[in-house]
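Asker: Here it is, the structure in full.
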Amino acid sequence: MESSSENQQTPELLFRLAQQLSPTKDIVQTTLHVEGKQAYILYLKSAVDETVLHKTVVKPFYETASIDIYSSYLDSAPNKKELADDHSLLIDLTRGHVLVAVQEHYFLLEIRHVGFDEVQQITLEPTIHGAQLGLSESIEVSMNVIRQRYHQPSLVFDTMQLKDQSNREIALVFDKVLVNPRALQLIKKRLKNLDFPLILSSGDLQLYLNGNKKSLFPSCMLTERPDRLIYNISSGKIIILVDGSPHAVIAPAVFFDFMISMEDLYHGYWISLLTLFLRYSGLFACIALPALYVGVTSYTPDVFRTELALTVAASRIGVPYPSYIEVFFMLIFIEFLTEASIRLPTAISATATTVGGLILGTAAVEAALTSNIMIIVVSLVAVSTFVIPINELGFAVRGLRFILLLYTTFFGLTGLAIGLLGIVLFLANKESFGVAYLKFGWKNRKKELGIGEK
């Protein structure tokens, strides 16, 4: 620890804070003195931009005519922050603040060094049209990205600090004219009552905001696209930024929000309608197709035309177990391939999963462990899963198809119908921060939101 030559001359507050920060080696506790003027500085050099510190704190000390002028200069600094208790001061020092003592006055200045302020490439929702750069791990840079795309004086940045071990700074971003006040109140209340030991990123925060980590359907949306953020701000929603995370949380989010791709806004009406139809068709296929295959082949093959029923039966000749076991194991195999494609390095993931799927699928058919039609069904399910634009809903769908498969195994097509009806009833009773989860469309006009009505 770098320190002044005589600790007894160091103000008690600086000395006490330095002792609490010990034994870390990046503490800087030093004294500025010239011609009877003295000032004391305490900061962590790993968190502070020392070039800016020299220009804004050290250099002006030697250039001002008197200590009173220097004190007035620090007191009027735009990056000055009010002092609080020792614990808050220690947290501020770890976040890049500098504590300056002049005579009997203390000044806390934010001069933090940000080593991750570059805007990141979009990876979660890549599209041909629209923005190609997302947010940054620096919350200030992310706020700037939003501000530069939404030029409204009603745009509000409400910052606060999490109470977990990381003490991360978060920012609520919304349009105060368009925002749903009830949703805003519920989100602030839930953030205030968060009681978790450590929140690592926006993804972590999203799970906690859902209210129940075991909930299959998310109440918040995770994104990195600035155009999606601006679209949702103009629709009256709230954006939550987390310092150190290049993603943002959108709340409240309803079911239909997860099925919207930003490219829908860049195409013509009929093209957007077609892609939306394909998306919902894919959603139904990846949820219900495996269970439908089991229900038809095992319980009611007569719903097929005779030729098709005979073809399906012929394809299963030699398969040694019932269709529901066949479907279950093939779905597990698809899940293995999906996880492998996510975890493997980018350079080999596509090749490894494609070759693995082709070889194992062909071998399974030749060994009579599964039917040709089952391979087609599973392939269609795997492809249709990826038409869902937002990953959180895609993960929920992957779980739902096993639930429907279980219902159909025991009750046939009746079980499939009961399972689908149960999903709809569950979603109809679910809310996202006071908004019905199956609410179709989110109106962005103040009158239609019912805001300000007497």
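Asker: Name the residue that is modelled with the highest pLDDT, counting only residues in the range 119-130 that are closer than 18 Å to Arg149 by Cα and more than 18 Å from the chain's Cα centre (by Cα).
Answerer: His129
Asker: Has the range 53-60 got at least one residue that is in a loop (DSSP other than H, G, I, E, B) and at pLDDT 85 or above?
Answerer: Within the range 53-60, none of the residues are in a loop (DSSP other than H, G, I, E, B) and at pLDDT 85 or above.
Asker: Ok, one more. Give me the pairs: first residue in the range 382-394 and outside the structural domain of Leu207 (by TED's automatic domain parsing), second residue assigned to a loop (DSSP other than H, G, I, E, B), beta-carbon distance under 6 Å, and six or more apart or on different chains, which are they?
Answerer: Going by the 6 Å Cβ cut-off, the qualifying pairs are Pro389/Ser261; Glu392/Pro218; Gly394/Ile388.
Asker: Let me ask something else. Would you check which residues across the range 80-89 are of a type outside the set (Asp, Glu), surrounded by fewer than 17 Cβ atoms within 10 Å (Cβ to Cβ) and either assigned to a helix (DSSP H, G or I) or touching a residue at least 24 places away in the same chain (Cβ under 8 Å) (or both) and list them? Break it down stepwise before answering.
Answerer: Our first condition is that a residue be of a type outside the set (Asp, Glu); within the range 80-89, this holds for 80-81, 83-84, 87-89.
Within this subset, residues satisfying the condition of being surrounded by fewer than 17 Cβ atoms within 10 Å (Cβ to Cβ) are 80-81, 83-84, 87-88.
Passing the criteria: Lys80, Lys81, Leu83, His87, Ser88.
Asker: Spot the failing condition for Ala77; the list is (1) open to solvent by 50 Å² or more (accessible area, probe 1.4 Å); (2) outside the structural domain of Glu224 (by TED's automatic domain parsing); (3) assigned to a loop (DSSP other than H, G, I, E, B), and only one is missed.
Answerer: (1)
Asker: For the range 293-308, enumerate the residues that are under 23 Å from Ala364 (Cβ atoms) and either at pLDDT below 80 or of a type in the set (A, V, I, L, M) (or both).
Answerer: Val294, Val296, Pro301, Leu308
Asker: Further question: Testing Tyr208 on (1) within 24 Å of Ile91 (Cβ to Cβ); (2) at pLDDT below 90; (3) of a type outside the set (Lys, Arg); (4) surrounded by fewer than 16 Cβ atoms within 10 Å (Cβ to Cβ), one condition comes back false. Which one is that?
Answerer: (4)
Asker: So, one more: Would you confirm whether or not the range 369-384 contains a residue that is over 15 Å from Phe328 (Cα atoms) and surrounded by 20 or more Cβ atoms within 10 Å (Cβ to Cβ)?
Answerer: yes
Asker: Can you find a residue in the range 259-279 that is touching a Gly at 6+ places or on another chain (Cβ under 9 Å), at pLDDT below 90 and open to solvent by less than 20 Å² (accessible area, probe 1.4 Å)? I'd like the intermediate steps shown before the answer.
Answerer: We begin by selecting, within the range 259-279, every residue touching a Gly at 6+ places or on another chain (Cβ under 9 Å); these are 262-263, 265-266.
Those left that are additionally at pLDDT below 90: 262-263, 265-266.
Then drop every residue that is not open to solvent by less than 20 Å² (accessible area, probe 1.4 Å), which leaves 262.
Taking every residue of the range 259-279 in turn, at least one turns out to be touching a Gly at 6+ places or on another chain (Cβ under 9 Å), at pLDDT below 90 and open to solvent by less than 20 Å² (accessible area, probe 1.4 Å).
Asker: What are the residues in the range 72-93 that are among the small types (Gly, Ala, Ser) and out of contact with any Phe, Trp or Tyr (no Cβ under 8 Å at 6 or more places or on another chain), if any?
Answerer: Ser72, Ser76, Ala84, Ser88
Asker: Spot the failing condition for Thr409; the list is (1) in a helix (DSSP H, G or I); (2) closer than 15 Å to Ala285 by Cα; (3) in contact with a helix residue (DSSP H, G or I) (Cβ under 6 Å, 6 or more places away or on another chain), and only one is missed.
Answerer: (2)
Asker: If Val312 passes every condition in (1) open to solvent by 40 Å² or more (accessible area, probe 1.4 Å); (2) outside the structural domain of Asp175 (by TED's automatic domain parsing); (3) in contact with a helix residue (DSSP H, G or I) (Cβ under 8 Å, 6 or more places away or on another chain) but one, which one does it miss?
Answerer: Val312 satisfies every listed condition except (1).
Asker: Out of curiosity, is Asp204 part of a helix (DSSP H, G or I), under 18 Å from Gln161 (Cβ atoms) and among the acidic types (Asp, Glu)?
Answerer: Numbers: part of a helix (DSSP H, G or I): yes; under 18 Å from Gln161 (Cβ atoms): yes; among the acidic types (Asp, Glu): yes.
In short, yes.
Asker: If a residue must be touching a Lys or Arg at 6+ places or on another chain (Cβ under 7 Å) and either at pLDDT 85 or above or among the acidic types (Asp, Glu) (or both), how many such residues does the range 4-52 contain?
Answerer: So the count comes out to 4.
Asker: For the condition within 30 Å of Gly134 (Cα to Cα), within 40 Å of the chain's Cα centre (by Cα) and either free of Cβ contacts under 8 Å to residues at least 24 places away in the same chain or not assigned by TED's automatic domain parsing to the domain that holds Ser201 (or both), what is the one hit in Leu331, Leu241, Leu283, Leu292?
Answerer: Just one listed residue meets the conditions, Leu283.
Asker: Ser215 - would you say it is at pLDDT below 90 and open to solvent by less than 10 Å² (accessible area, probe 1.4 Å)? Don't jump to the end; show me each part of the working.
Answerer: On the way: at pLDDT below 90: yes; open to solvent by less than 10 Å² (accessible area, probe 1.4 Å): no.
So Ser215 fails the test.
Asker: For residues in the range 39-52 being outside any loop (DSSP other than H, G, I, E, B) and of a type outside the set (Ser, Thr, Tyr), which is farthest from the chain's Cα centre (by Cα)?
Answerer: Once the filter is applied, the top-ranked residue is Ala39.
Asker: Return yes or no: is Val173 touching a Ser or Thr at 6+ places or on another chain (Cβ under 6 Å), farther than 20 Å from Ala436 by Cβ and of a type in the set (Val, Ile, Thr)?
Answerer: no
Asker: Please state which one of Pro290, Pro252 is in contact with a Phe, Trp or Tyr (Cβ under 6 Å, 6 or more places away or on another chain), surrounded by 15 or more Cβ atoms within 10 Å (Cβ to Cβ) and either at pLDDT below 90 or at negative phi (or both).
Answerer: Pro252
The values are calculated or read from the model by the stated rules, or taken from the named source; none is laboratory data. What you see is a predicted model, and the numbers here were worked out from it, not measured in a lab. In this analysis, Cβ positions are derived from the backbone assuming ideal geometry, glycine residues included, and neighbour counts consider all displayed protein chains. Side chains included, ligands, DNA and RNA excluded: accessible areas come from the protein's heavy atoms. Shrake-Rupley method; radii C 1.70, N 1.55, O 1.52, S 1.80 Å.
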